[in-house]
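Every number here is computed from the coordinates shown, using simple stated rules; none is lab data. Bear in mind that the values here come from a model prediction, so they are computed numbers and not experimental data. As a convention, Cβ positions derive from the backbone with ideal geometry for all residues, glycine included, and neighbour counts pool all protein chains shown.
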Amino acid sequence: MPSERQGPLSFQQRQIWLAEQGAAGTGLYNEVCALRMRGPLVIARLERALEAVVERNDALRTTFPLRDGEPVQAVSNPYRISLASDLIDLSHLPEPARHSELSALAKRRAEAPFDVADGPLTRFWLLRLGPDDHVLLLAMHHIVCDGPSLRLVLRHLAESYSEGPTTERALPARYLDFARAQRATEQADAWDAELAYWRENLAGAPTVAELPPDHPRPPRRGHAGRRDEHRVDDRTRGALATLTASAGGSRLAVLTSLFAALVYRYAGRTDVLVGTGTDPRPVRHSETVGLFANLVPLRLRTGGALTVRALLDGACDAVFDALDHAFVPFEKVVEVAAPSRDPSHPPLVQLVCTVWDRDYARVDFGDVEATVIEIPRTRARFDLMVEHVFDGDGWTMWAEYDTGLFEPATVDRMMRHYARLVREAAADPGATVASLRMLERSEVDAVRDASRLVLDRDGNVTPVGAVGELHERVPGGVPVATGRAARRCAGGGVEDLGLLSRRIRLGQLDTQLEELEALAREHPAVREATVDLGGGRPVLYVTPEDPARPASAAGVRSFLESRLPRAQIPAIATAAPLDGARPVPPPLSTLERLIAGVWEKLLSRPGIAADDDFFAIGGRSMVAAHAAQQLSEQLGVAVGVRDIFVNPTVRDLAATLAAASPTVRSAREVPAAIPSAERAPASMAQLQIWLNEQWTLGAADDFNSAFAHRVRGPLDVAALHTALRDTVARHPSLRTGFEVVDDLPEQRVAAEAEVELPLVALDHVPPPRRPAEALRLAREAAARRFDIATPPLLRALLIRIGADDHVLAYTLHHLVTDGVSMGVFHRELSARYAAAVAGRHPTAEPAGGLYAEYVSWEREWLDSAAAGAAREYWRRRLDGMAELRVPPTKGADRANLAVASCRRSVPAEVTRGLVELSRDCRATTFMTVTAAWSRVLGRWSGQRDVVLGTLVDNRPSEALRATIGCFANFVPLRIDAGDGGTFPELVRHVRDVLLGAYEHQHLPFSDIVRVSRARRSYTRMPVFQTTVQWVHPTQQALELAGCATEPWRVTADVSRYELTLFVTEGDRELVLDLEYATDLWDRDTVDARLDELVQLLTGAARTA
């Protein structure tokens, strides 16, 4: 790529790029906007206007690939935008459902993750609500567009639509030039004075500001959140105007100072860092779209004795000084502040308060009235961010917050208290912060009459959830301090937390030592736990439950790290303190020495210890990237930047890597045979299923694998239940649940998971109607959603039609099974039932390897040369491919996933001929049928280039053949289906295509999509929309000794694919089932094409 179209990242971009590595797949950094457009909208004109905006602004065509291990920004060519082809029409829905669907659909699409390496990082959709009523949805990754730039995009779009895209306009300055200038500034040491300011300003500052949470802070920060609207009344707006006039006209100073006062009243913190957003773009870039926004930390002093006037004066100084130095990127400020890194919270700033004017609520599109509408967010970048948005005379407070910490009612209460502080401060600027009436009267008549009060250091009743000192009333009504910490509960009660003297800050987080000790005692090997504060730093001493088998300090630390932020865990010793002795750290292991050596070299710092924090000893974000790369090369496994952020000490990183990979594990002194079977990341296949389920709001139709069998004969129900239980106990995947960590799923294998077998008797139903009722119940059970956090992800139901007539229905979630796995399941269940009936031990096939071993192998393989070769193979194989477009006979788009199917049987003599033809071509029967199907599709679509999909087993070794789990992968088959050659030639061509796909089957489909650069759409699957699948009868066969079984179809008639041909090998003949999208084709058309396929196969067989 020419150098003028490629260059370094700006510091703002680099900060987001690094953050994205730890939040990939969450949509956390998406900028979204929706325009309600009422009037005679010309869609083609809007498309050209969007193209003009994208062409005019390089940032909107930028991606961030890696070059020599470093991310660079690369500008691509302009591209065409089609809104009409993907138009989403909601006009047919009734009014309430229309807007509900609009909101849900807009949220899902707006938060769908971007791939910053491959892009594109902009998306546009058009939704129709009525004839002259549309919504344009714009989504862009924050790395290419910030809030002010989004407003520029809207203005440029309106101008291009109203005036026409051909109107001559001066091109804005290029964002690449801004990034290069920023780098030149750093290299010239031009920021030295500004960095000196920040170093002095932040010296000794608390780098964690915590409001009392409703839920304990987890060890790793999640990104789930909400964004709630709080409209401000006229009285409060008038109060703000009064205060602003006295604060030199700075609404920011007023609102941040009173936000700090709110933090003081809730948490008692007198020194608070509050972040605020700025737009420090140079004048020459005033019309440039890109990421210029910067986060600036404001150090605000507050306290109960401070007057409002003094509070405002201090805030004015802090705000004006900080804004004078706002050109320094936040990443550089973090470096000089050197906060302790902890994955439980963002670095340096956790609370944000911003102020901006919304000057684009209505956008001028000529005769189309365009209004910005709010899209609800379900992500949060900080603990709490309050945006003050001013629109003319209106003022709205938007609260975006981490729902893992706060409940909506709590944040609503905080915002009401915040507004009251504004009014009270304006009423009496000479009043102290402690004397401002923050709580409503209803929060203070009843509490003051209670026998137990919780008061803050200034004697005020604490708000609900805040911690203060417990006071009890003595005769005469006087409250007396008890010396104990307590918090008020939402229901009106009081929770006693422990001694106030034992409430300390660990890692700047408020910690009640009694709670820490109680948590340590939950470890099964710990009988007693005590925190000692006498040695200058807290030490947790643990007494073992069994002196012969004491708990290790590492084991207790690991136990606590799964429940607490790392900063809240003190040093741990496994014996009581004796004569002031303190624990001595153990020597480094082999793996720890290797990690420490890499860090020592990169940081030029010898003697790094096991508990040294990478960032506390000088590590930076990009140095972490280099460390991850070097460790990956030396260990032969994937080590990501996120691994170092989450595990910033040598000991923690070594433990994590050792638990994730057997290759790394072998580098330790104490080898282990396999990775931990109790906890593992999700595989790529599981991750894709999980993401799809999130985007479809958890609908069960497409994620459950359901089966049913009518069982006639003397069924032993107890033996069947025993067989089910034993099968679940034998296979870890059937005891696996999924816990969301950092917004991504992780596998958790339970030691036990009970599977129930409820019995439903249909005695009350007339006998002729019982089979239909049994089928209804089985389908109803199949459609129910699973709670994927609670294993087993298998449920069963036994329906009694008559004395010796039952229906066994069971459903598994696709996260824990696939087609081959169901064959394993059915064989084992059959064998165990037979053994239970006969009263003997089952002779089931040998157990397979653990699914966790496969996940570990997959993670290593994805960073191997073989994976690189597979990516290159698929990139070449799919280069220049065309989407298969089979002309519909109904609508052009699917409104839902509904499908129907047609069936044909291939006669026995034709089937024998196809087997012979396949043998002659050194192919399989499946290859021959696929060749015929591709030719039918080629004729149907008028395309010679036909791309189909098929499922592959994807197990990398024989050891996993008897393992139940989610291994299957989709791969594309690109076939030249032209009529020019003979049919045997086409079969041999398809054989080669399939063999190539099998050789490169381990690359996850999501990676194949990425390297193919296939067009993405929410209405069609990427790469291929038609699949062909070979069905093994043994995968669905269940034999129950002494009984006859007949399979019933109970799965929902839905599919993400438009056409799927299922090929099943019967006893003597092939069975073809063609599943089709009912929104696209009528049955007669599909029947005709299926007949054409049978005719083609018949003709080929006769020539064999």
Study note, to complete from the structure: The exposure ranking of TYR833, TYR541, fewest beta-carbon neighbours within 10 Å first, is TYR541, TYR833
Review point. Dipole of segment 507-573, Cα-centred, from +1 at each Lys and Arg C-beta and -1 at each Asp and Glu C-beta, to the nearest 20 debye?
Key: 260 debye
Check your understanding: Residues with beta-carbon under 14 Å from that of GLN182, excluding GLN182: net charge, scoring Lys, Arg +1 and Asp, Glu -1?
Key -> +2
Point to revise | Within-13-Å neighbourhood charge of ARG679 [Cβ basis; K, R +1; D, E -1] | key: -2
Point to revise | By average C-beta atoms within 10 angstrom, highest first, the peptides 992-1004, 402-414, 288-300 | key: 288-300, 402-414, 992-1004
Check your understanding: Which far-off residues, 5 or more places away or on another chain, put their amide H under 5 Å from the one on ARG1049, with H placed in the peptide plane?
Key -> none
Check your understanding: Taking 0.36 nm per intervening residue step and subtracting the Cα-Cα distance, what contour gain separates SER246 from GLN1036 on full extension?
Key -> 276.6 nm
Practice item. Write down Rg/Rh for segment 853-1102, rounded to two decimals, with Rg from the C-alpha atoms and Rh from the Kirkwood relation over Cα pairs. Key: 0.96
Check your understanding: Taking N as the number of residues in segment 888-1017, what is its alpha-carbon radius of gyration divided by 2.2 N^0.38 Å?
Key -> 1.22
**Study point:** Beta bridges by DSSP in segment 507-573, antiparallel share as percent, to the nearest 5
**Key:** 65 percent
Check your understanding: Which order, highest average first, do 560-570, 599-609 follow once you tally other Cβ atoms within 10 Å for each residue and take the mean per peptide?
Key -> 560-570, 599-609
Exercise for review: Quick one: pull the percentage of alpha-carbon pairs in segment 232-349 with a separation above 23 Å.
Suggested key: 40 percent
Revision key, fill the gap. Measuring from its Cα centre, the chain shows a charge dipole (+1 at each Lys and Arg Cβ, -1 at each Asp and Glu Cβ) which, in debye to the nearest 20, is 480 debye
**Study point:** Estimated translational D of segment 970-1104 in µm²/s (Stokes, Kirkwood radius over Cα pairs; 4 °C; 1.567 mPa s)
**Key:** 72 µm²/s
Review point. Which whole-number value in Å³ per residue fits the convex hull of the alpha carbons of the chain?
Key: 220 Å³
Revision key, fill the gap. The correct pair for segment 681-848, radius of gyration to one decimal and Dmax as a whole number, both in Å and from Cα atoms, is 16.9, 53
Check your understanding: What nm distance separates the two modelled labels at ARG730 and ASP763, each placed 7 Å from Cα along Cα→Cβ?
Key -> 3.5 nm
**Study point:** Formal net charge of residues neighbouring ILE608 (Cβ-Cβ distance under 14 Å; K, R +1; D, E -1)
**Key:** -2
